[in-house]
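Contents: one structure, followed by commentary.
The values are calculated or read from the model by the stated rules, or taken from the named source; none is laboratory data. Everything numeric in this text was worked out from a predicted model, so none of it was measured. With ideal geometry, Cβ positions are generated from the backbone for all residues, glycine too; neighbour counts draw on all protein chains shown. Accessible surface areas use protein heavy atoms only, side chains included; no ligands, DNA or RNA. Shrake-Rupley method; radii C 1.70, N 1.55, O 1.52, S 1.80 Å.
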Amino acid sequence: MARNTSLSLRNAVIYQIFTRNYKGGTFQAVEADLDRIQALGADIIYLLPVQPSGEVHRKGSMGSPYAIRDYRIPDPVQGTMEDFKALSSAIHARGMKLMIDVVYNHTSPDSWLAENHPEWFFHKADGSLGNRIGDWWDVVDLDYTKKDLWRYQIDTLKMWAEYVDGFRCDVAPMVPLDFWLEARAKVEEVRPGCIWLAESVEPAFIAMNRRAGIETLSDSELYQAFDICYDYDLYDSMKNAMTGKGSLSHYLARMDRQETMYPSNYCKLRCLENHDRNRAAAMLPEERVLRNWTAWTFFAKGTAMIYAGEEFENTHHPTLFEHDPVNFETGRDLSSLMRSLSRIKKNPLFRNTSMHAEAVGSSDDVILAVQEANETAAPAQEGVPKKAVGIFSSSGRPQVLSVDLPDGTYTNAIDGSTVEVFEKLLSFRGEPVILLL
């Protein structure tokens, strides 16, 4: 694990924004909405790439934000550099942090780097620039055997680190670990405590790449340089459990394995949706079930992330390649729930715990999870709980659950409602429950 990773990241909530599709589509539009975002409990604003997209081999009319033309300037569609600086200042004035996307595996074919330093790129057999993943036909891959490229990329990170507090690194496993280690050390000189989030990838993608001779890092390798990794190592089983195509028990067993596979201070990104994955409300049309899964992702050990529009139960997944604004007027709203969950997540208990989760209930359709403070991290402050119990239903069905809790009356930290336990039985109404003990 990165040696200076802060366990406080397990208390954090990230709000992810694709600026082009966000309200007015500009940095100024994001700035105007900061108070509402902060009220959700968000600590970190994460912006998809803020740089301009290329035009050659462009996907759609606007191009992918991940086919960057110039790493060192803002996208004029989103605003000027002065607009970006103003947004950064406004975020920091509220005590929040700003994170931007870093897309270092590839650029657009007409990028400044491709035109000025073609020797820094992967070349096909015919000598032309190309990429190693066939369906990414709008980009060309960089070649990290060229150390001059390292210097340029790190200098670029240091430039942006004057204004941002962290980087989310796109397909980080396809860039050499030694590069990330050097980049982290150099950026630390400019932005101490910079947050590094790796878009780690699915096991099947790692295996496919390695069979093709493409070096691809595992989560365990990435944790040497990064603070947080995506939970794509189990996303497939989570989605199957959400949609009824797989068992809840299988998903939770894979999550439990994370407790032993990764460093003791590991931090996973927990989210139901993002710009690459389907909207949660589209997969979970029953709102009670959606509330339960939302609560579970906030409770689970790691950093929570909200994708803009998730709080309004958007079902449409906006395209990256066209102007496709997020709907903030759906008539549905999870904001109150997210505010409560964010407040709970900030409890110091969750910084250093061991977690176990299992499927219970008459149909193994309920997540029963426990986070318990590690003995070496016993809370010093009076009033800080030593254990949290979470109960979340994948069906929303009321039922009676067997629980290992003393008989008594408890308070659901989410909404203040009363939870009764008698003879080790809890009457579960089908709504999410978090008990702080």
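Some notes on this structure:
- When the solvent-accessible area of the range 292-437 is split by element, carbon and sulfur atoms take up 50 percent of it, the probe being 1.4 Å.
- Each Cα pair under 8 Å and six or more residues apart adds its separation to the average, and for the range 222-319 the resulting relative contact order is 29 percent.
- Accessible area per residue for the range 322-367, computed on protein heavy atoms with a 1.4 Å probe, is 47 Å².
- Contact order, relative form, for the chain: 15 percent (alpha carbon pairs under 8 Å, 6 or more residues apart, mean separation divided by residue count).
- Selection from GLN28, ILE206, PRO263, by position along the positive dipole direction of the chain (Cβ): PRO263
- When peptides 260-266, 16-22, 299-305 are ranked by their average number of other Cβ atoms within 10 Å per residue, the highest-first order is 299-305, 16-22, 260-266.
- Accessible area per residue, Å², the range 1-87 with all protein chains present, probe 1.4 Å: 34 Å²
- Using alpha-carbon coordinates, inclination of helix 287-299 to the longest axis of the chain, degrees: 80 degrees
- Overall, the chain carries a charge dipole of about 540 debye about its Cα centre when +1 sits on the Cβ of Lys and Arg and -1 on the Cβ of Asp and Glu, all other atoms neutral.
- Sequence-distant lysines (8 or more away, or on other chains) whose Cα lies within less than 25 Å of LYS186: LYS85, LYS97, LYS146, LYS147, LYS158, LYS268
- Rounded to two decimals, the Cα radius of gyration of the chain over 2.2 N^0.38 Å is 1.00.
- Here the convex hull built on the C-alpha positions of the range 109-201 has a volume of 110 cubic angstrom per residue.
- Hydrodynamic radius (Kirkwood) for the range 1-147, which is based on Cα pairs only, to one decimal in Å: 16.9 Å
- Once the chain from GLU358 to THR330 is taken as fully extended at 0.36 nm per residue, the excess over their C-alpha distance is 6.7 nm.
- Point-charge dipole on Cβ atoms (K/R +1, D/E -1) for the range 253-383, about Cα centre, debye to 20: 380 debye
- Helical runs assigned H by DSSP (4 residues or longer) give the chain a calculated mean residue ellipticity at 222 nm of -8000 deg cm²/dmol, each run adding -39500 (n - 2.57) before division by the residue total.
- Helix axis angle, 81-93 relative to the chain longest principal axis, alpha carbon, degrees: 20 degrees
- For the range 269-367, the extents of the C-alpha atoms along the principal axes are 44, 33, 24 Å, listed from largest to smallest.
- Take the Cβ atoms of PHE122 and HIS92, set R0 to 30 Å, and the FRET efficiency comes out at 0.20.
- Relative contact order [Cα under 8 Å, 6+ residues apart], the range 305-437, whole percent: 19 percent
- Within the range 349-437, the proportion of Cα pairs with more than 17 Å between them is 49 percent.
- Residue with peak Gaussian network fluctuation, the chain [Cα springs, cutoff 10 Å], from ASP404, ASP170, ASP70: ASP404
- Whole-percent pair-distance distribution, where bins are 5 Å wide, for the alpha carbons of the range 144-240: 2, 13, 22, 22, 18, 11, 7, 3, 0
- Heavy atoms of the protein chains alone define the surface here; on that basis the range 146-249 has 37 Å² accessible area per residue at 1.4 Å probe size.
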